Amino acid sequence: MIISDATILITLINIDRFDILEKFADKIYITNAVYKEVCQKVYAKKFIDSLIKKGFLEIKNYKNRKLFNEFRFILDEGESSSIVLALEQNLPLIIDEKKGRRFAKSKGVLIVGLIGIIKYLYSINTLNKEEVIDIIELLNKSNFRVSKKLLSLILEAK
């Protein structure tokens with residue numbers, strides 16, 4: 001089980017490669033704030049709702065409102081709620097925004113990003129080299145940038 005912020009969910013829906021997360025985790029928790037952020041477009045809402053119905057995604061909310069309000073001064077609602085939930089549940093967090101990553105790390109949350117997930121899946125032979133290159137090309141065509149240097153680091157994971 002793992003918790004996810006919104007950005008990776010939106011990115012993977014947009015490039016039609018949500019299967020990456022399904023290969024990585026057996027269950028992902030998201031907060032109401034993350035759900036709302038991801039589901040702003042109708043097709044994304046339908047997709048996310050189908051994953052909730054399937055049991056792969058589950059909406060779970062934090063309890064510590066005081067801590068959330070403290071974090072909210074620094075981060076957006078989705079990041080704040082996800083970090084609080086990760087702390088409460090003692091679970092890792094999938095997050096890619098630099099500011100959110102640094103903040104979560106500073107609070108002791110174990111974090112992983114999309115590139116780390118891809119690198120891990122490649123290292124255990126769940127993704128092959130061609131799939132990794134295809135995924136990186138799709139990411140580079142979206143709003144997610146992966147340098148050639150980073151791609152070679154991923155491919156050195158074996």
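List the chymotrypsin sites (Phe, Trp or Tyr not before Pro) within region 19-74 that fall in a DSSP loop (any state other than H, G, I, E or B) and whose Cβ has at most 16 other Cβ atoms within 10 Å.
Here the chymotrypsin sites (Phe, Trp or Tyr not before Pro) that fit, given the DSSP loop and packing criteria, are PHE56, PHE73.
Using a Cα-Cα cut-off of under 30 Å, which lysines could be cross-linked to LYS41, ignoring same-chain neighbours fewer than 8 residues away?
Of all the lysines, those that pass the test against LYS41 - Cα under 30 Å, at least 8 places apart if same chain - are LYS23, LYS27, LYS53, LYS54, LYS60, LYS63, LYS98, LYS99, LYS119, LYS141.
Roughly speaking, what is the centre-to-centre gap between region 105-145 and region 55-93 when only Cα atoms are used, to the nearest Å?
23
Once all Cα-Cα distances of region 115-155 are split into 5 Å bins that start at 0, what whole-number percent is in each one?
All Cα pairs considered, the percentages come to 6, 25, 38, 22, 7, 1.
Report for region 2-112 the percent antiparallel among DSSP-assigned beta bridges with both residues inside it, nearest 5.
0
Once you have the Kirkwood Rh of region 81-158 from its Cα pairs, apply Stokes-Einstein at 25 °C and 0.890 mPa s and quote D in µm²/s.
181
In cubic angstrom, how much convex hull volume per residue do the alpha carbon atoms of region 2-112 span?
Residue-normalised Cα hull volume stands at 90 Å³.
At 10 °C and a viscosity of 1.306 mPa s, what translational diffusion coefficient does Stokes-Einstein give for region 1-41, taking Rh as the Kirkwood radius over Cα pairs? Give it in µm²/s as a whole number.
Using the Kirkwood radius from Cα pairs, D works out to 152 µm²/s.
Using a Gaussian network model of the chain whose springs link C-alpha atoms within less than 10 Å, name the residue from ILE115, ILE28, ILE124 with the highest mean-square fluctuation.
Among ILE115, ILE28, ILE124, the largest mean-square fluctuation in the Gaussian network model of the chain belongs to ILE124.
Determine, at each q value in 0.16, 0.21, 0.22 (inverse angstroms), the log₁₀ of I(q)/I(0) that the Debye formula gives when each Cα of region 56-98 is one equal point scatterer.
Each listed q corresponds, in turn, to -0.39, -0.66, -0.72.
Apply the Karplus curve 6.51 cos²θ - 1.76 cosθ + 1.60, θ = phi - 60°, to the phi angles in region 47-62 and return the couplings in whole Hz, x for Gly and Pro.
Computed from phi, the couplings for region 47-62 are 5, 4, 4, 5, 6, 5, 4, 5, x, 6, 9, 9, 7, 9, 10, 5 Hz.
Read-outs throughout are calculated quantities, based only on the coordinates presented, and are distinct from any laboratory measurement. Note that this is a predicted model, so its numbers are computed, not measured. Reconstructed Cβ throughout: ideal geometry from the backbone, glycine too, with neighbour counts over all protein chains shown.
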